[in-house]
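Only the coordinates and a few stated rules stand behind these numbers; no lab work does. Since the structure is predicted, the reported quantities are computational estimates derived from the model, not experimental observations.
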Amino acid sequence: MANILEKRIASRHSINGPITLHSSILTSRGIDAHLLNFSDQGICFATDTKLIPGTTILFEASDDCHLMAEKQADCELLSSRMVTVKWCHQNSRKGRTVYTVGANYMLPQ
């Protein structure tokens, strides 16, 4: 079995819950996605929409995600934040195309 180089610095926390993605703050209609895990550096989620690496989006976690967070600090990580897409992998689930996406939190300016 091949060894896969782990590039993550921070440990990931599994979580399941809906999130909404917005291509800009002024966009009222969002893209539905499903949060898979998070860390203090970023998030991983699944969506039906292909996202190009380098794209900046706003994500909003549902109240369900906040209820599943183990610590108050985790709730802060899951609050509405701007993220930059780092990678987007195409997968197939039950005959439909789904994209798994990794994104880093943007640092405050």
Fill in: For residue 98, distant residues with modelled amide H under 5 Å away
91, 92, 93
Worksheet item: Whose amide H sits under 5 Å from the amide H of residue 42, counting only residues 5 or more places off or on another chain, with H placed in the peptide plane?
Response: 105
